[in-house]
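First up is the structure itself, then whatever we jot down about it.
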Ligand SMILES: Cc1cc2nc3c(=O)[nH]c(=O)nc-3n(C[C@H](O)[C@H](O)[C@H](O)COP(=O)(O)OP(=O)(O)OC[C@H]3O[C@@H](n4cnc5c(N)ncnc54)[C@H](O)[C@@H]3O)c2cc1C
């Protein structure tokens, strides 16, 4: 089968490797010069910094998939980060989050002694929910499997999917600070804790159970490894090649148009962010979607070292609920936003010239391109001033270069409404309600990526590629069986 994959994000690349292994002749079309999509490096004068993903979650899921596509695991060097990160509150206090349960309990005993027992209950309850949620939702596609089985409905009730992440966390902890500390992780997938269904409580739990990791050389090194394998395996990669049309007759697509040239294929897989990429498909009924939050990103090249001992850390702004309401309801930049700082040069010397380093700051903002770029610049300046007080008083003198990326840039990169994470993780855009791997009425157009089930985040998108490859292999077997009848 000749297969065209439209988009060279992590979902497209992993799908290409699976399908080549299944005997397909695969071509990946990528509109940009570089591959990886959101999982890319910003490279500048000998510095390189991850542009998007920085926190490696679910390392075993990643490794299992790499094993299946025959990527030698020696090529990826994962380092566990524990303590995982401090959370700095605006009143000057800090809570350290540890994956190590004993250390986390010690930390809670110091600051929240009355909440320790509840933390133990939380871990116990979540352990069971995680394994049920993983097999019910992450390891299944809902094209052929019926979602509304008795078993799944029971799992949804056990996961308290009708609640929000915040409501679930509120039932365990009384301190607002702890409630923030165990619910802010919905921001990793672009949702507000008070709007995101409790199935996503698996994210904060997973940090404790499986740890958070750093990939030496930067997360986007994973793309370099995959691309070098793809070249060895003769998978064609067409860069600077934006697909602008897919042609179909009745229920079958037969060609695509790239750089003005028509090319014929037997199968088409969309990896561009689905609510945007679907425009290539002439489908009459188009569902309305809600976008995830956007991200204001500040990339920094710095001289010398920043005075911090952490690779990852969070700085809280005004009350989290208000900040979230600003972003998700009023669609405004919060006055005092929360933000995340990534400083990989603390443990990785390969990212910058000697004596220098890189850092990145992510500020969750609305996916609202009606906000002027200048307003984002003002917000970035405000954040750097805040970092001067809370992270490193000399940061301004250490900055050698700075680049800012706003939802306007994300929209230009074909991300839905300039959101950073694809479809928002709402109840009606999750599980069976999220676009599935065969989301159109055509027989040979498929989809993979953050806006497709099982959802966003590098390991989850890789898992989506695995589900797609498994589905296509079953579909191929069915066709062969019917031909031999
Ligand atoms: C700022 C930020 C921080 C993040 N942090 C984390 C994190 O810490 N941990 C984590 O696990 N995840 C994180 N994520 C999420 C993660 O990056 C994504 O879920 C994942 O990389 C999405 O992969 P994808 O396969 O959907 O493809 P994408 O990355 O969306 O790539 C799609 C590709 O398709 C190309 N394309 C689109 N349309 C066309 C066309 N018509 N023709 C040809 N090519 C086309 C695009 O150029 C792009 O290269 C973060 C994301 C962002 C933006």
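Laid out as a table, the results:
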quantity	calculated
Using distinct alpha-carbon pairs, which all enter the 1/r mean, Kirkwood radius of the chain in Å	23.2
Cα centroid separation, the stretch 459-485 to the stretch 331-369 (Å)	39
Potential lengthening between residue 404 and residue 75 on full extension [0.36 nm per residue; Cα-Cα distance subtracted]	115.3 nm
Ranked 255, 40, criterion: other C-beta atoms within 10 Å, fewest first	255, 40
Cα-based shape type of the stretch 37-117, given that a ≥ b ≥ c are square roots of the gyration tensor eigenvalues and the cut on a/c is 1.5	oblate
Rounded to 5, percent antiparallel among DSSP beta bridges of the chain	75
Whole-number Å³ per residue for the convex hull built on Cα positions in the stretch 293-420	104
Rg over Rh [alpha-carbon atoms, Kirkwood Rh] for the stretch 121-273	1.10
Cα Rg over Rh - the stretch 99-210, Kirkwood	1.00
Whether the stretch 254-348 is rounded, prolate or oblate, judged on the alpha carbon gyration tensor where a/c under 1.5 counts as rounded	oblate
Spatial separation of Cα centroids for the stretch 83-126 and the stretch 370-430, in angstrom	28
112, 328, 268, 428 arranged by Cβ crowding within 10 Å, fewest neighbours leading	428, 112, 328, 268
All-pairs alpha carbon distance profile, the stretch 326-485, 10 Å steps from 0, percent	9, 26, 27, 21, 11, 5, 2, 0
Pairwise centroid distance, computed over Cα atoms, of the stretch 1-75 with the stretch 234-248, Å	16
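None of the figures in this text is laboratory data; all of them are computed from the coordinates on show. What you are looking at is a predicted structure, and each value in this text was computed from that prediction instead of being measured. FYI the Cβ positions are ideal-geometry reconstructions off the backbone, even for glycines, and counts take in every protein chain you see.
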